[in-house]
Amino acid sequence: MTPELMISRRLFALFLLGCLLFNYPILSLFNLDSFLFGIPLLYLYVFAAWTVLIVMIVFVTRPREKTRSSAGRHRRKSAEF
């Protein structure tokens, strides 16, 4: 499986997770008349879930340095023989 395909599948899974987190059944769990740190619970949930999704997208899409450096070392070793 190519790295691009893996990233595409992970991004699609995150999209589905976002659809689940921001859909009716889950949102209704947090639609209460309660406050946490002076912020309504629903608003706090929406912004926390949004932040978590953004952080997960950043981790999925950032380049992997270890993979690239180990591939470069493998190429150099094979060139020496």
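Tallying residues that are over 22 Å from the mean Cα position of the chain (by Cα) and at negative phi within region 31-45 yields 9. Residues in region 8-30 that are surrounded by 13 or more Cβ atoms within 10 Å (Cβ to Cβ), under 16 Å from the mean Cα position of the chain (by Cα) and among the hydrophobic types (A, V, I, L, M, F, W, C) were compared, and the one that is nearest to Glu65 (Cα to Cα) is Leu11. For beta carbons closer than 6 Å, sequence separation of 6+ or different chains, a first residue in region 25-48 that is part of a strand (DSSP E or B) and a second that is surrounded by 11 or more Cβ atoms within 10 Å (Cβ to Cβ), the qualifying pairs are Leu36/Leu44.
Only the coordinates and a few stated rules stand behind these numbers; no lab work does. In this text, all values refer to a predicted model and were calculated from it rather than measured experimentally. With ideal geometry, Cβ positions are generated from the backbone for all residues, glycine too; neighbour counts draw on all protein chains shown.
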